[in-house]
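Each remark here refers to the structure printed beneath this line.
The values are calculated or read from the model by the stated rules, or taken from the named source; none is laboratory data. Quick caveat: nothing in here was measured; it's all calculated off a predicted structure. Ideal geometry is used to build each Cβ from the backbone, glycine not excepted, and the neighbour counts take in all protein chains shown. For accessibility, only protein heavy atoms count, side chains too; no ligands or nucleic acids. Shrake-Rupley method; radii C 1.70, N 1.55, O 1.52, S 1.80 Å.
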Amino acid sequence: MTADERKDLDKEVKRLKRIAGEWAAQLHDLVEERLPAAYAEIPGIAQSTYDACKTWADANARLAAHHSDQGA
């Protein structure tokens, strides 16, 4: 991985973390402010939150693997 590719991946990981945080905030708001009346929203928001966190985790693992390859 080139330095530019690593820099791009680092930016992507940060962007994906922000998106995951935004979904987590929506889930939190649902729990804190709109339940139990908005219970039907739970599956959609929970799935979107899970998907965003998984996407971030996968990208973060690629970044960590690159770091470990550099140290080897």
Please work out how much length the chain gains when fully extended from Asp4 to Ile42, using 0.36 nm per residue of separation minus the C-alpha to C-alpha distance, in nm with one decimal.
-> 9.7 nm
Would you mind computing, in nm to one decimal, how far apart the modelled labels at Glu33 and Asp69 are, each placed 7 Å from Cα along Cα→Cβ?
-> 4.3 nm
Which of the listed residues, Ile42, His28, Met1, is farthest toward the dipole's positive end in the chain, when Lys, Arg count +1 and Asp, Glu count -1 at the beta-carbon?
-> Met1
How many Å³ per residue does the convex hull of the Cα positions in the chain occupy?
-> 70 Å³
Ranked order, Val31, Val13 - accessible area, probe 1.4 Å, largest first | Val31, Val13
